[in-house]
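Here the structure is laid out as structure tokens; the discussion comes afterwards.
The values are calculated or read from the model by the stated rules, or taken from the named source; none is laboratory data. All values reported here derive from a predicted model rather than from experimental measurement. All Cβ positions, glycine included, derive from the backbone under ideal geometry; neighbour counts span all protein chains shown. Quick note on the areas: whole protein, heavy atoms, side chains included, nothing else; ligands and nucleic acids left out. Shrake-Rupley method; radii C 1.70, N 1.55, O 1.52, S 1.80 Å.
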Amino acid sequence: MRNELPGYWILTWIGLIANVAVLPCIGLVAFSNPDLPLVNFILAISLAWPAAIVGIVAAAGLLAQRKWGVILAIVALSMTLSGTLPYGIVRLVREGDIFGLSGLSFLIAILNLLALIYWCRPAHRKGIRF
């Protein structure tokens, strides 16, 4: 049984590719960026890498059309949103780089918020096998 909700497959594949691609990027920012080194390290270890791993598992569940994939996608997006928005605000205030990592954090937060709104739709609770 295929899920025919608009955007389901494209967002699932984008999520899988993005979460796999972001793993080395997190390490690059956390360990080679001289600005806010302790904050970068703590967020990478405690939030960014776990959110990416949960996102990869969520994408696997979504590809298998399991209901728990939607739940994990919501969890992963919420984890990412809870890290990127405060990080972007703190970085903007401390470093003033709206076109650097602050701007990138805000862009990621907006994209994650839009994806979170999509996956929270009630239509995703119907028609997906356990």
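Once you keep just the Cα pairs under 8 angstrom separated by 6 or more residues, what percentage relative contact order results for segment 20-77?
Working: 48 pairs, mean separation 15.7, N = 58.
Computed value for segment 20-77: 27 percent relative contact order.
Please identify the longest segment of the chain free of exposed trypsin sites (Lys or Arg not before Pro), where exposed means a DSSP state other than H, G, I, E or B and no more than 11 other Cβ atoms within 10 Å. All intermediate terms of the calculation are to be shown ahead of the outcome.
Working: sites that count: Arg2, Lys126.
In the chain, the maximal stretch lacking such sites is 3-125.
Nearest 10 degrees, 0 to 90: what angle lies between the long axis of helix 101-119 and the longest principal axis of the chain (Cα atoms)?
With both axes taken from Cα atoms, the answer is about 20 degrees.
Mind listing the phi-derived Karplus ³J(HN,Hα) values for segment 22-33, rounded to whole Hz, using 6.51, -1.76 and 1.60 with θ = phi - 60°, and x for any glycine or proline?
6, 4, x, 5, 4, x, 4, 5, 5, 10, 10, 8
Treating only the Cβ of Lys, Arg, Asp and Glu as charged (+1, +1, -1, -1), what charge dipole size does the chain show about its Cα centre? Round to the nearest 20 debye.
Values: 9 positive and 4 negative charges, 147 e Å.
Value, rounded to 20: 700 debye.
Quick one: accessible area per residue over the chain, 1.4 Å probe, rounded to a whole number of Å²?
Ligands and nucleic acids excluded, the figure is 57 Å² per residue.
To the nearest 0.05, how large is the calculated FRET efficiency for Ile17 and Ile53 if R₀ is 22 Å and r is the Cβ-Cβ distance? Before the final figure, lay out the partial values.
Values: r = 15 Å, r/R0 = 0.67.
Between Ile17 and Ile53 the formula returns 0.90.
Rule-of-thumb check for segment 59-123: C-alpha Rg over 2.2 N^0.38 Å?
Relative to the 2.2 N^0.38 Å estimate, segment 59-123 comes out at 1.32.
Per DSSP helix of 4 or more residues, -39500 (n - 2.57); summed, then divided by the residues of the chain. What does that give at 222 nm, rounded to the nearest 500?
Details: 5 runs with 95 residues, N = 130.
Value at 222 nm, helices only: -25000 deg cm²/dmol.
Which value in nm describes the separation of the simple spin-label points at Ile10 and Leu111, placed 7 Å from the Cα toward the beta carbon?
Here the answer is 1.4 nm between the modelled labels.
HN-Hα J couplings of segment 82-91 from phi, Karplus 6.51/-1.76/1.60, θ = phi - 60°, integer Hz, Gly and Pro as x?
Ordered by residue, 3J(HN,Hα) equals 5, x, 6, 5, x, 4, x, 5, 4, 5 Hz.
For segment 4-130, what ratio Rg/Rh do Cα atoms give with a Kirkwood hydrodynamic radius?
Numbers: Rg = 15.3 Å, Rh = 15.1 Å.
Across segment 4-130, the Cα-based Rg/Rh ratio is 1.02.
In percent, how large is the relative contact order of segment 53-130, given Cα pairs closer than 8 Å and 6 or more residues apart? Display every interim value, and only then the final one.
Details: 80 pairs, mean separation 26.4, N = 78.
Relative CO of segment 53-130 lands at 34 percent.
Roughly how many percent of the accessible protein surface of the chain is carbon and sulfur, given a 1.4 Å probe and a whole-percent answer? Write out the running numbers ahead of the final one.
Working: 5820 of 7420 Å².
Here it works out to 78 percent.
Percent relative contact order of the chain, based on C-alpha pairs within less than 8 angstrom and at least six residues apart?
24 percent
Could you give the length gained on full extension between Asn33 and Arg121, defined as 0.36 nm per residue of separation minus the Cα-Cα distance, in nm? Intermediate results must be reported in sequence, preceding the final value.
Working: separation 88, 0.36 × 88 = 31.68 nm, distance 3.76 nm.
Fully extending the segment from Asn33 to Arg121 adds 27.9 nm.
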